[in-house]
Amino acid sequence: TGEITGLAYAPNNAYFLTAGADGLVKRWPVQLPVAVNIAGHADVINAVALRPDGNWIATGSNDKTARIWDRNNGQPVRNLDGHPDAVTAIAFSPNQAWVLTGCADKIARLFDGNNGQVVKAFAAQAGAITAVAVHPNHQEVAVGDATGAVKIYKTADGAELRALAPHAGPVSGVAYLPSGANLVTASHDKSIKTWNAADGALVRKIDLPDAATSLAVSINNALLAVGANDKQVRVLNIA
């Protein structure tokens, strides 16, 4: 009943998860498999991510917590502590070892998903972090913020690798294609952009009828799902 704030595809592409400003996480299609309700956050859920094996869900909330849950029964696994403000973005690494979070304090943090410890905190950006993604090679991460900026950092030392041409509005989603060849970004400026992951060159721009609020790419590199302010989820053919 509220704005769609997060999207995540299942590894087998059979369904995807949505998180909303109404505090709910839903699974689509709802009948496949049986839905599991997750409750525990004390405020709006801003982001949701599904671990590549499909067993864990990670969520970030205005209650300043990031949490990991068992997808099969909805029970909590562990918290990712240390955020001084709302957790506004979250993503698992493709190898399942890390969880990358974005916070309203303008900092993205990399956590060890197995023990909940901080691996690295990246440099503060100009605005609240609104979207995060880990490259399939695990050597870099992409971080978007409320000013429209998207920056790429090295995971080894946290150094900034490059900055993409900024969006004209807050970035609402970043996602690497599983092949690692491209990065896709979505923004409140009513656009989706595809970039060359190797050099940051713009490949394609797609205009939307309303502000994009969330983004997810399917495991087979073929589809992307976009949530928008008009309460619609659109599935696009990447090709």
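What to note about this one:
- Percent accessible area from carbon and sulfur atoms, the stretch 58-138, protein chains only, probe 1.4 Å: 44
- Each 5 Å bin from zero holds the following percent of Cα-Cα pairs in the stretch 46-112: 4, 20, 33, 25, 14, 4, 0.
- Most mobile listed residue (Y153, Y176, Y15) in the chain, GNM with C-alpha springs under 10 Å: Y15
- For the stretch 1-137, pairs of C-alpha atoms spaced more than 19 angstrom apart make up 44 percent of the total.
- Accessible surface, the stretch 70-156, averaged per residue in Å² (probe 1.4 Å): 37
- Net charge dipole size for the chain [Lys, Arg +1 and Asp, Glu -1 on Cβ; Debye, nearest 20]: 340
- Computed log₁₀ I(q)/I(0) - Debye formula, equal Cα scatterers, no solvent, the stretch 86-131, q 0.19, 0.28, 0.29 Å⁻¹: -0.52, -0.97, -1.01
- Per-residue HN-Hα couplings for the stretch 92-102 [Karplus 6.51, -1.76, 1.60; θ = phi - 60°; Hz; x = Gly/Pro]: 7, 7, x, 7, 6, 7, 10, 10, 9, 10, x
- Chain lengthening between N237 and L24 when straightened (0.36 nm per residue, less Cα-Cα): 74.0 nm
- Structural size metrics of the chain, computed from C-alpha coordinates, are Rg and Dmax of 15.8, 45 Å.
- Between A228, A159, A47, the Gaussian network model of the chain with springs among Cα atoms under 10 angstrom shows the greatest mean-square fluctuation at A159.
- Max-minus-min Cα coordinates of the stretch 118-239 on each principal axis give 39, 30, 27 Å, with the largest extent listed first.
- Cβ-based net charge around K154, under 14 Å, with every Lys or Arg adding one and every Asp or Glu removing one: 0
The values are calculated or read from the model by the stated rules, or taken from the named source; none is laboratory data. Bear in mind that the values here come from a model prediction, so they are computed numbers and not experimental data. Please note: Cβ atoms are built from the backbone with ideal geometry, for glycine as well, and neighbour counts cover all protein chains shown. With ligands, DNA and RNA removed, areas are computed over all heavy atoms of the protein, side chains included. Shrake-Rupley method; radii C 1.70, N 1.55, O 1.52, S 1.80 Å.
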